[in-house]
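First comes the structure, then the notes that go with it.
Here, each number is a calculation from the coordinates, and none is a lab measurement. Computed from a predicted model, the values in this text were never measured in an experiment. In this analysis, Cβ positions are derived from the backbone assuming ideal geometry, glycine residues included, and neighbour counts consider all displayed protein chains.
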Amino acid sequence: MDGAVPLFRMEGISKRYGGVRALEKAELLVTPGSIHAILGENGAGKSTLIKVMAGVVAPDEGRMELDGREVTFASPAAANQAGIVCIFQELSLVPELSVADNIVISDPPKRFGMIDRKAQRRIAEEALARAGAADIHPLALVRDLPLSRRQMVEIAKALARKPRILILDEATSALTAADVAKIFGVLKRLRSEGLALLYISHRMNEIAELADQCTVFRNGRNVASYRAGSKSDNEVVELMIGREYSHIFPPKPARAPAVAAPVLEARKLSWTDRLDNVSLTVGAGEVVGLGGLDGQGQRELLLAFFGVLRGLSGQILIDGKPVVITSPSAARDDRIGMALIPEDRKTEGLMLPMTVRENLSFAALDRLSRGGIIDRAAEQRLIDDMVALLAIKTAGLDIPVGALSGGNQQKVVIAKWLMRQPRIILLNDPTRGIDVGTKQELYQLMRKLADAGAAILFYSTDYDELIGCCDRVLVLYDGAVKRELVGAEITERALIASALNIHGEDASLTQGANA
Amino acid sequence: MKDWRYWLAEQRGTLLAFGIFIVMFVIYTSNHPAGFSANVVQTASNKGVLLAFVAMAQTLVVITAGIDLSIGMIFTLTNCLASWLVIGTGIETAFGVIAVLGTGLLCGAINGAIVIYGRLQPIVATIATGAVYFGIALLLRPFPGGSVNENLADALTGRLFGVVPASLVVLLAVVLVVWVPFSRSVLGRAAYAAGSSEMAAYMSGVPIRRGKFAAYALAGLLASIGGLFLTFFTYTGDAAYASGNAYTLFSIAAVVLGGVSLFGGKGSAIGAIFGALAFRTIGDLLFVFDFDPLWQPLFQGVILLIAVSLGAFALFRVRNRLEWFL
């Protein structure tokens with residue numbers, strides 16, 4: 001590969017989002033006629049990298065070269081024009097249009113100024129056949145197709161644009177095994193036709209089968225490039241480890257002997273194709289982590305407990321008794337006593353234009369009111385307690401909560417639920433986008449609540465948090481619990497290996513030796 | 001599945017509206033003292049096309065997931081303008097018609113510019129511009145009055161070959177000249193794509209802004225054709241606030257009856273035309289059955305409520321309750 005002329009080159013690309021660096025002087029070389037795999041854990045910078053390449057995000061600094069000439073892309077359309085086509089994880093199909101409409105959407109064939117439907121049909125049929133998805137009817141509405149078919153349409157759409165560089169970002173995540181095999185055939189053919197393919201996946205077996213070249217990202221930087229197959233899975237995990245951490249965690253209690261009866265228990269929970277027979281228990285006083293790569297069903301699992309999902313199969317038990325939770329308001333009921341700190345505080349946690357006071361008392365209004373009238377004095381007492389407990393920094397209780405800093409907003413979300421004194425607390429990546437100081441306060445609070453007897457289920461995309469905060473961690477992969485790590489087993493190596501679903505016998509052996 | 005089944009699925013809303021209209025119209029004419037005669041059809045057509053034009057206009061905007069609450073006021077404004085300008089010799093009349101249509105196009109373009117480039121919500125923006133358009137109409141015609149080229153008016157509201165209502169022919173011509181090319185153009189597809197999923201459309205490099213702008217501007221044009229026809233029927237211009245607002249609300253009703261989704265991205269102006277004709281026929285039905293005209297708003301409301309409820313059934317299929325709020 002070293003002798004080949006690079007088709008595309010990135011040099012010194014950096015990108016920050018607020019205070020967070022997503023990419024730091026990243027480099028990448030793409031050669032024609034090869035499949036290049038990009039690896040890295042959550043937040044390593046993979047997504048930002050391809051967004052820069054595809055014209056979705058403008059880099060803060062650095063240069064990109066195509067065919068040796070410097071290029072910049074102002075929009076996805078500009079990148080497409082240059083021959084760089086990306087298949088995004090979040091599908092870019094328009095649901096109310098037909099498959100054929102979608103395939104030609106960027107540049108429909110025209111006749112007398114109008115779209116030529118016959119030519120469009122022909123192009124769509126060709127592209128579908130090339131993608132190995134001739135079973136999809138070009139006139140079907142995308143809305144009516146299942147996710148796996150949509151992903152095939154997405155691939156056909158990309159091929160119809162005659163790309164020179166094709167980027168696949170977790171493009172096989174929703175596909176059936178038969179489709180994956182077809183797509184692999186297609187990708188290998190495209191490689192032999194001289195295309196450059198960039199392949200982002202967390203499935204190590206796929207990478208082993210497809211890739212010619214691999215590049216590992218860590219902390220927004222490319223840390224290693226190597227010829228595929230020249231490193232073992234464990235060496236790859238080793239490269240991905242080593243994020244810079246600076247958090248301080250409260251000490252964990254010596255693990256209590258197996259709790260008699262778990263407060264929260266799930267038995268074989270399944271939901272559509274996102275949750276697959278998940279069973280778990282959380283005892284009083286326990287912090288149980290949910291790990292794994294982003295989007296493996298962790299969010300759906302928390303929503304399932306909280307009564308948001310319909311058509312759930314399996315059983316949820318509270319204090320050992322089966323319950324059916326049909327809505328968040330049933331979940332927060334005293335008999336269950338559950339609280340969910342949502343992932344996106346701006347849309348699911350807060351009413352931004354309303355005041356801090358109003359936001360704080362929303363979840364507990366039923367307790368603070370009698371006959372529909374809010375007891376102002378009781379409300380004030382409870383709010384004062386919470387502001388003090390969580391050290392919420394606000395210029396007053398009657399300013400809009402949107403005016404607070406991200407960390408303080410998150411504290412308001414948590415305080416609002418603590419006002420109900422929940423017994424079961426579900427946290428969905430609660431520290432995303434907040435400052436280090438607030439993070440540490442949250443870790444301490446979590447432990448304090450657990451010590452006071454709460455059962456805590458904590459999903460985080462930050463492995464360091466899982467290591468520092470949790471008594472046990474369940475690692476999810478494709479909607480199923482793949483591994484349970486207890487106590488000293490919770491290490492970054494074990495988390496990454498199991499998140500990638502590498503059968504990490506030697507990873508756990510190393511662990512055993514250390515313990 | 002065969003091709004025709006996909007076509008059928010795509011046109012279901014339009015065909016349903018067509019069916020509703022035909023059933024109602026058959027009941028109407030078979031109970032009418034004069035029966036299915038050229039006269040009855042002509043009267044029905046002249047009443048129906050006004051709302052049909054305004055409903056077509058509303059469809060264009062609703063497809064982009066927007067709504068145009070100024071549409072009835074553009075209709076009223078162009079009516080008042082036509083009562084000043086569409087008069088005199090052939091040349092003068094032709095010039096007047098062009099000026100009226102141009103004004104409609106301009107009103108629509110202003111709406112589009114405010115919504116797209118000013119990033120205002122369509123509801124707020126068009127309530128405001130609607131008030132402005134009505135204000136201008138009121139200045140043009142403080143009192144009902146004016147006149148119109150009666151030869152042209154009579155020709156376009158009369159019958160061709162003694163049988164076919166001329167207004168229906170004009171409606172068909174407008175569909176062929178405005179709607180069909182738009183719906184098959186890149187801009188039209190961009191309007192649909194933006195209404196269905198603006199983000200996906202953006203990611204695919206679709207000209208969203210131009211598509212939406214074209215939809216708003218053409219909506220103004222279609223509303224002005226309606227305003228022109230109102231002048232042909234009444235021979236006068238009248239800045240009637242209640243009537244302008246009623247047309248706005250009825251246009252939304254017609255659009256929904258015609259199978260156009262208020263969430264955007266789905267439906268056809270042809271469906272909306274049949275929705276408009278059906279909505280108009282409800283009133284006529286009450287007439288032939290000797291109901292008190294006082295019942296008409298109540299009946300129209302009930303029919304509309306039923307039609308809107310049909311669209312809500314999809315919510316029963318949602319498996320993640322958070323999607324209710326998207």
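Taken over chain A, the ratio of Cα radius of gyration to 2.2 N^0.38 Å equals 1.06.
Using helices alone, I'd like the mean residue ellipticity at 222 nm for the protein assembly as shown: each DSSP H run of four-plus residues gives -39500 (n - 2.57), total over residue count, nearest 500. Intermediate values should be presented prior to the final figure.
Numbers: 33 runs with 402 residues, N = 841.
The helix-only estimate for the protein assembly as shown comes to -15000 deg cm²/dmol at 222 nm.
For segment A:1-97, the list of GluC sites (Glu not before Pro) that fall in a loop by DSSP and count at most 13 other C-beta atoms within 10 angstrom reads A:Glu90. Which lysines have a Cα lying under 23 Å from the Cα of A:Lys482, excluding residues fewer than 8 positions away in the same chain? Candidates past the 8-residue exclusion: A:Lys268.
Residues whose amide H falls under 5 Å from that of A:Gly289, counting only those 5 or more places apart or on a different chain, are A:Phe458, A:Asp471, A:Arg472, A:Val473, A:Leu474, with hydrogens built in the peptide plane. Around the amide H of A:Val71, modelled in the peptide plane, lie the amide H atoms of A:Met64, A:Glu65, A:Leu66, all under 5 Å away and 5 or more residues distant in sequence or on another chain. Here's the list of lysines a cross-link from B:Lys266 could span, going by alpha-carbon distance under 24 Å and ignoring same-chain residues fewer than 8 apart: A:Lys110, A:Lys118, A:Lys157, B:Lys2, B:Lys212. In chain A, excluding the sites themselves, the longest stretch lacking any of the chymotrypsin sites (Phe, Trp or Tyr not before Pro) that are in a DSSP loop with at most 16 other Cβ atoms within 10 Å is A:246-515. The 3J(HN,Hα) values that the Karplus relation (6.51, -1.76, 1.60; θ = phi - 60°) gives for segment A:23-38 are, in residue order, 9, 9, 6, 7, 10, 7, 10, 10, 10, x, x, 9, 10, 10, 8, 10 Hz. Gly and Pro appear as x. Among the DSSP helices (H) of chain B, those spanning at least 18 angstrom by Cα along their long axis with an average Kyte-Doolittle hydropathy of -0.5 or more are B:12-31, B:38-63, B:71-85, B:90-116, B:122-140, B:208-234, B:241-257, B:269-288, B:296-310; this is a geometric and hydropathy rule only.
With loop defined by DSSP as not H, G, I, E or B, and exposure as at most 13 other Cβ atoms within 10 Å, which is the longest segment of chain B clear of exposed trypsin sites (Lys or Arg not before Pro)? Can you show the working numbers first?
On the way: sites that count: B:Lys2, B:Arg119, B:Arg319.
Longest gap between qualifying sites, sites excluded: B:120-318.
Percent relative contact order of chain B, based on C-alpha pairs within less than 8 angstrom and at least six residues apart? Show your work: numbers first, answer last.
Numbers: 572 pairs, mean separation 109.5, N = 326.
About 34 percent, as a whole number.
For chain B, modelled as a GNM whose springs connect Cα atoms under 10 angstrom apart, the maximal fluctuation among B:Phe291, B:Phe316, B:Phe233 occurs at B:Phe316. With R₀ set to 41 Å, the beta-carbon distance separating A:Ala378 from B:Val308 gives a calculated FRET efficiency near 0.45. Amide H contacts under 5 Å for A:Ala224: A:Val216, restricted to partners 5 or more places along the chain or on a different chain, H placed in the peptide plane at 1.01 Å from N.
Which whole number gives the average, over all residues in B:192-202, of C-beta atoms from other chains lying within 10 Å of the residue C-beta?
Details: counts 4, 8, 1, 2, 8, 9, 1, 3, 11, 6, 5.
Counting Cβ atoms of other protein chains within 10 Å of each residue's Cβ and averaging gives 5.
Coupling constants for segment A:278-291 follow from the phi torsions by the Karplus curve (6.51 cos²θ - 1.76 cosθ + 1.60, θ = phi - 60°), and in residue order they are 8, 10, 7, 10, 10, x, 5, x, 10, 10, 10, x, 10, x Hz; glycine and proline get x. Dipole size of segment B:186-326 about its Cα centre, with +1 on Lys/Arg Cβ and -1 on Asp/Glu Cβ: approximately 800 debye, rounded to the nearest 20.
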